[in-house]
Amino acid sequence: MTVPVTGALVRMRGTDEEPRCVALAGEIGVGAHCTIYSSRPSPCRDFAPYAALGIGEDACDRARARHGLPPLQS
């Protein structure tokens, strides 16, 4: 599920080229969820920690824009 970036760093497959993480299921903007959420890696844990509260951040807004979605409102 990962692709090496450096000798000690990996990224989730699909996050650069599609961009759609291989662990994401469903349709983005309609109903999507992480299939490995309880065991997700630290970059995913650190990304958009307030998204569940409807508070976005720059990286989250950029990811949403790539899929034609508006930014989360704080």
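No value in this document is a laboratory result; all are computed from the given coordinates. Just so it is clear, the structure is predicted and the values come from calculations on it, not from any experiment. Here the Cβ is made from the backbone with ideal geometry for all residues, glycine too, and neighbour counts use every protein chain on show.
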Checklist entry - Any residue at all in region 31-46 that is part of a loop (DSSP other than H, G, I, E, B) and exposed (fewer than 12 other Cβ atoms within 10 Å of the Cβ)? => result no
Of those in region 1-22 that are of a type outside the set (A, V, I, L, M, F, W, C) and part of a strand (DSSP E or B), the residue nearest to the chain's Cα centre (by Cα) is 11
Among residues of region 1-51 being free of Cβ contacts under 8 Å to residues at least 24 places away in the same chain and in contact with a Leu (Cβ under 7 Å, 6 or more places away or on another chain), the residue farthest from residue 64 (Cα to Cα) is 34
Note: among 59, 25, just one is outside any helix (DSSP H, G or I), of a type outside the set (Val, Ile, Thr) and either out of contact with any helix residue (DSSP H, G or I) (no Cβ under 7 Å at 6 or more places or on another chain) or loosely packed, with under 12 Cβ neighbours inside 10 Å (or both), namely 25
